[in-house]
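Single-structure report; data block below.
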Amino acid sequence: MTIERPHLADAFKPQPTKKEPVDRSAGLAGLLPPPRRVTPPAAPAVEAPAEAAPAAGEKAPEPKPATAKKPRATAARPQATETDVTSNVAVYLEPDLLELVKTARRTRGLNYDDLTVEAFAAISDDTLRNHFTQTRTAQTSGGMPTRVRRPRGTSGIQIQLRLDGTQRAWLDQKQEEVGAPSRSALVAAALRLQLG
Amino acid sequence: MAVGRTLVFAQGKGGVGKTTLTSNTAALAASAGHRVLVIDLDQQGNVARDLGFPPNSGDDLMSSLLTAAPLPISKDVRPNLDVVAGGPAIGDAASVFASRSARGSSDLADVLEAKLRPIEADYDLILIDTPPGDRILVEAALSVALAVAIPTRMDEASIDGVTRIAERFLAVTPRNPQLRLAGVVLFAISSRTTRLERDVRNALAETLGDAAPVFTTRIRHLESAAADARRRGLLIHELEQAAVADRTARINALRNKTSLTDGLYARDASGLAEDYQELTRELLTRLIEIENEAVVTT
């Protein structure tokens, strides 16, 4: 007597979705612009070798002269001037503000970008300007402004906004207009004033 | 003074993920088209193991540091990724350079800067892996860095290690005022320790004040993937693909009523690969922010 068994070939067939290779470099291209050339005051003088190099035992895998130039990476990098290129913009939020933002995102079904746009729509430039002016008004009797220290335990936690070139340019302009120290501080202030 | 866009992974304690983070973030950045150089200053030389080439003695690197020879760069270990391999010989650097420095000669930081300065323009990113306890090597690496990232596990000893790097940081600041703390990376975090992770994040945020963030992305604990990666010389995103192939081979073996002799322990490394992808994105973004701040203040 033979026992009828279910046909299992399909069950064990590799799932096409699992086989799809995931491109882990996605979103990383173009994050690093070419490094700025920094001209040091003077290269440190390294003394000439007084002794012979120690005998090399195991060879490093195919060491080649370090000065040999590599062809530049061929990956396309977005031009900073392109307004249609969307890229990540890091914003650092204090822990309590991050909680407020996360709650708003969860309860209202909006993402960080939407919340940011909404905050800037609701907060006037004067309010933002006042916000940044107040943080810098502490002065000593001698007139020298004191450095404003952030309270301990309120360091920023990074979130990422996905903004296109036009939005980034708008943020830069707004940062200048209201006297914000950075894009991150500007966005954080708008979210704080809106949600706090 | 900082050389190029150099990021150092440093921690006062061993086994907290410095080498694994160095190798994986470097390879992911390179795979995205950035030109990346990894320098292994650890005498354990495990960057080689992570990247799948034979362990190195470190003699060539040590020789380069002691003579006028350029750094022994292994080109294109992966596309766009070059490596200076470390190894046991680097363990001698501390004593050699301590005595040279005492005689008034160039110290290790001077030598490292002189070696890197001519090649800084060749790379978009330079990552340095450091040993846990060697003051001279760690301070030399910090002397040429734009930023330092500190990985930590969640145990008290690892968190104490963050403090030890703070001491090294302070020692180096007069020499390299550009140096910034990029942030702290939580490494090998179990998914079942949510409350502990929250408390550790808060404790670290309290400790760091406004100096730097604790990165949002944490690297999850996946022992099987860690073992497979080092055994096979695969990076985690490569292991992710290998696990898919392994699954197919397993099924074929079942069909053929044979057994798979050298299968992977990890069945699915995609979550871990995603962690590294997100962390790399955070790190690169943070580096650019630090670079921009440096430009504003200079």
Discussion item. Looking at region B:286-297, can you tell me whether even one residue there is acidic (D, E), assigned to a helix (DSSP H, G or I), loosely packed, with under 14 Cβ neighbours inside 10 Å and facing another protein chain (nearest Cβ under 7 Å)?
Written reply: no
Discussion item. I need a count of the residues in region B:81-108 that are within 16 Å of B:F53 (Cβ to Cβ) and within 7 Å of chain A (Cβ to nearest Cβ).
Written reply: 1
Discussion item. Quick check on B:N80: is it buried (at least 24 other Cβ atoms within 10 Å of the Cβ), more than 22 Å from B:S143 (Cβ to Cβ) and either free of Cβ contacts under 8 Å to residues at least 40 places away in the same chain or in contact with a helix residue (DSSP H, G or I) (Cβ under 8 Å, 6 or more places away or on another chain) (or both)?
Written reply: yes
Item to complete: At least 1 residues that are of a type in the set (S, T, Y) and over 13 Å from the mean Cα position of the chain (by Cα) in each: list the helices (runs of 4 or more DSSP H) lying fully within region B:1-89 that qualify.
Response: B:18-31, B:59-66
Discussion item. Given (1) in a helix (DSSP H, G or I); (2) modelled with pLDDT of 85 or more, identify the lone condition not met by A:A180.
Written reply: (1)
Practice prompt. Out of A:R149, A:R162, report the one residue that is at pLDDT below 75 and surrounded by fewer than 18 Cβ atoms within 10 Å (Cβ to Cβ).
Written response: A:R149
Worksheet item: Could you list, in sequence order, the residues of region B:177-200 that are of a type in the set (S, T, Y) and open to solvent by 50 Å² or more (accessible area, probe 1.4 Å)?
Response: B:S191, B:T194
Worksheet item: Quick one: how many residues across region B:136-153 are out of contact with any Gly (no Cβ under 8 Å at 6 or more places or on another chain), open to solvent by 10 Å² or more (accessible area, probe 1.4 Å) and closer than 22 Å to B:A211 by Cα?
Response: 1
Practice prompt. Could you identify the single residue in B:R247, B:R220 that is under 18 Å from the mean Cα position of the chain (by Cα) and surrounded by fewer than 21 Cβ atoms within 10 Å (Cβ to Cβ)?
Written response: B:R220
Worksheet item: From the set of residues in region A:84-109 that are outside any helix (DSSP H, G or I) and touching a helix residue (DSSP H, G or I) at 6+ places or on another chain (Cβ under 7 Å), which is most open to solvent (accessible area, probe 1.4 Å)?
Response: A:D84
Discussion item. Can you say whether B:R218 is farther than 20 Å from B:P151 by Cα, more than 9 Å from chain A (Cβ to nearest Cβ) and of a type in the set (D, E, K, R), as far as the supplied structure shows?
Written reply: no
Worksheet item: Would it be correct to say that B:S99 is over 18 Å from the mean Cα position of the chain (by Cα), open to solvent by 10 Å² or more (accessible area, probe 1.4 Å) and either more than 22 Å from B:Q277 (Cβ to Cβ) or of a type in the set (A, V, I, L, M) (or both)?
Response: yes
Worksheet item: Restricting attention to region B:199-215, which residues are at the interface with another protein chain (Cβ under 8 Å from one of its Cβ atoms) and more than 29 Å from B:A266 (Cβ to Cβ)?
Response: B:N202, B:A205, B:E206, B:L208, B:G209, B:D210, B:A211, B:A212, B:P213
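The values are calculated or read from the model by the stated rules, or taken from the named source; none is laboratory data. Bear in mind that the values here come from a model prediction, so they are computed numbers and not experimental data. In this analysis, Cβ positions are derived from the backbone assuming ideal geometry, glycine residues included, and neighbour counts consider all displayed protein chains. The accessibility values were calculated without ligands, DNA or RNA, using every heavy atom of the protein model including side chains. Shrake-Rupley method; radii C 1.70, N 1.55, O 1.52, S 1.80 Å.
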